[in-house]
Amino acid sequence: MENQRLSKLFYANTKALKAGLLGFALLAFSACDQPKTTNAASILGNPDYQAIAYGGYRNVDRSQAPSKAELKEDLKILHAMGIRILRTYHARLYEHAPRLLAAISEMKSEDPNFEMYVMLGAWIQCEGAWTDNPQHLKGDEKENKAEIDQAIRLAQQYPDIVKVIAVGNESMVHWAASYHVHPRIVLKWVQRLQGLKAEGILADDLWISTSDNFASWGGEGPEYHVPALDSLIAAVDYLSVHSYPFHDSHYNPQWWQLEASADSLKKDSLINAAIQKALDRVQSQLTAVASYVESLGLDKEIHIGESGWASGDNHLYGDNGSHAADEYKQMLYYQGLRKMADSLGMSCFYFEAFDEPWKDGQNPAGSENHFGLFTVDGQAKMPIWDLVDQGLFEGLSRAGNPIRKSHQGNGESLQDSALLPPYKSL
């Protein structure tokens, strides 16, 4: 019943529905019903256009952006696995986004079968961000304007590639204590971009949103239910929602921990059940957002802007923490999340394509460095071993290494080493 309600909330009056996998409602995409187009409305939620979060940084220091050749190397890998939409996070930082768009444009010119689109991020932060005195009610006008202006330029330069602009990333959620802003600041920039669309300065089918935690979209406490958020929901073309049961396994662990009665069950069954609870948690958080939108009398599509699972950790999610981080659980979560999103007619910008060691540069074993489906040196992790078996990566490489399975493809070893969630304290 939860799945059916979720689909109804997402797509009532906006999408055709049909019965589908696991009892979810499927979005009907038929070539007979609609012509093939390449705007956001047609590719978001389309299972033929799989999405992923992408950053190509390969070093512990992000100041060295990937070269165009490295970006093309990654693009070939992602295209081979069926990815057609990339999500980026900054419009200006170290020329990553401009260089990526140029690389895609060149590859499209070289190969008519190459197809890739971008959800372009524009970073938004408060005044005094990353200092001891962040001013959350004030935006960093200079930096935010520069990001938006760059996003506008890139969308104008590459209208065949940039299909979405995301104003900010987790820029409203309160636990982003170093930089978060009030929703009215995000709203200001969203309204500017929507105004440029109305004036014909930006393509009228370019979609504008912001990508944020489910709580920030009204899916949790009343502290987020402010008039500016309601206006923001009305102003965006769709909601890009983040859900991270992986992190919740530490910060809100009751749902993740095992009951004493689980002692009699087999390890594999318990791990599978734990990941199913994680997927149920994603659905519950999305439903909460959809319910809030519905309470406003609004009708907006919702897509998963981020969700992911780390393959390793030496702290909060490892042996001495929630036991969530390992490659076996990452495989179960990734495959289950993809099936769930496809069945709901939603895009899921899975986090993330490749490991990025700069995210916790001082701690190489930290979880933030291990959310990728590929390691930095091009090993495909367990979630996509089946793609290696299919030969999709033959002739492709990363950092001079051919794409091959992690851990020499020893799935039995990974399954045996996966830890059960901790038991609840008495």
key: Heavy atoms of E327 accessible to a 1.4 Å probe, total area in Å² rounded to 10   = 20
note = Interchain or sequence-distant (5+) residues whose placed amide H lies within less than 5 Å of the amide H of Y350 are A51, I52, A53
ask   = For region 225-242, what does the Karplus curve 6.51 cos²θ - 1.76 cosθ + 1.60, with θ = phi - 60°, yield as ³J(HN,Hα) per residue in whole Hz, taken in order and with x for Gly and Pro?
value = 8, 10, x, 5, 5, 4, 5, 5, 4, 5, 7, 6, 7, 6, 9, 9, 10, 9
request  = Whenever you get a sec, compute what percent of the accessible area on region 314-426 sits on carbon and sulfur atoms (1.4 Å probe).
outcome  = 48
Highest-MSF residue in the chain out of L137, L206, L279 [GNM, Cα springs under 10 Å] = L137
ask   = What's the extension gain from D377 to A146 if we count 0.36 nm per residue and subtract their Cα-Cα distance?
value = 79.8 nm
Dipole axis of the chain (+1 Lys, Arg; -1 Asp, Glu on Cβ), positive-most option in G218, I148, L44 = L44
task = Assuming R0 = 25 Å, can you tell me the calculated FRET efficiency for the pair H315 and D132, based on Cβ-Cβ distance, to the nearest 0.05?
result = 0.55
task = Can you sort Y423, Y244, Y333 by 1.4 Å-probe accessible area, starting with the largest?
result = Y423, Y244, Y333
query = What is the magnitude of the charge dipole of region 245-334 about its Cα centre, with +1 placed on the Cβ of each Lys and Arg, -1 on the Cβ of each Asp and Glu, and no other charges, expressed in debye to the nearest 20?
reply = 120
note = Non-local residues with an amide H under 5 Å from the amide H of G121, with H modelled 1.01 Å from N and Pro and chain starts lacking one, are T88, Y89, H90, A166
Region 190-203 - phi-based ³J(HN,Hα) in whole Hz, Karplus 6.51/-1.76/1.60, Gly and Pro as x = 4, 5, 4, 5, 5, x, 5, 5, 5, 7, x, 6, 10, 4
task = Find which of N59, Q330, V236 sits farthest along the positive direction of the dipole of the chain, computed with +1 on the beta-carbon of Lys and Arg, -1 on that of Asp and Glu, about the Cα centre.
result = V236
query = Dipole size in debye (nearest 20) for the chain around its Cα centre, Lys and Arg Cβ +1, Asp and Glu Cβ -1?
reply = 540
Average Cα contact separation per residue, the chain, under 8 Å, 6 or more apart, as relative contact order % = 18
Dipole of region 143-287, positive end: most advanced residue of Y179, I201, A278 [Cβ charges, Cα centre] = I201
key: Relative contact order computed over region 337-405 (Cα-Cα under 8 Å; 6+ residues apart), in percent   = 23
query = Along region 143-158, what does the Karplus equation 6.51 cos²θ - 1.76 cosθ + 1.60 (θ = phi - 60°) give for ³J(HN,Hα), rounded to whole Hz, x for Gly and Pro?
reply = 5, 5, 5, 5, 5, 5, 4, 5, 4, 4, 4, 5, 5, 6, 6, 10
message = Per 0.36 nm of contour for each residue apart, how much would the distance between L296 and Q408 grow if the chain were fully extended, relative to their Cα-Cα spacing?
response = 35.1 nm
note = As a percent rounded to 5, the proportion of antiparallel DSSP bridges among beta bridges in region 68-172 is 20
message = Using a 1.4 Å probe on the protein heavy atoms only, what accessible surface does R184 show? Give it in Å² to the nearest 10.
response = 120
Within the accessible area of region 127-227 (1.4 Å probe), percent carbon and sulfur = 52
ask   = Given the rule -39500 (n - 2.57) for each run of at least 4 DSSP H residues, summed and divided by the residues of the chain, what is its mean residue ellipticity at 222 nm, to the nearest 500 deg cm²/dmol?
value = -11000 deg cm²/dmol
query = If the viscosity is 1.567 mPa s and the temperature 4 °C, what Stokes-Einstein diffusion coefficient in µm²/s follows for region 168-244 when Rh is the Kirkwood radius over Cα pairs?
reply = 101
query = If you place +1 on the Cβ of every Lys and Arg and -1 on the Cβ of every Asp and Glu, how big does the dipole about the Cα centre of region 43-177 come out, in debye to the nearest 20?
reply = 100
task = Go ahead and set up a Gaussian network model of the chain, Cα springs under 10 Å, then flag whichever of A176, A260, A310 fluctuates most.
result = A260
ask   = How do R87, R58 rank by accessible surface area computed with a 1.4 Å probe, from largest to smallest?
value = R58, R87
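The values are calculated or read from the model by the stated rules, or taken from the named source; none is laboratory data. This one's a predicted model, so the numbers in the text were calculated from it and none came from an experiment. With ideal geometry, Cβ positions are generated from the backbone for all residues, glycine too; neighbour counts draw on all protein chains shown. These area figures cover heavy atoms from the full protein model, side chains too; ligands, DNA and RNA do not enter into them. Shrake-Rupley method; radii C 1.70, N 1.55, O 1.52, S 1.80 Å.
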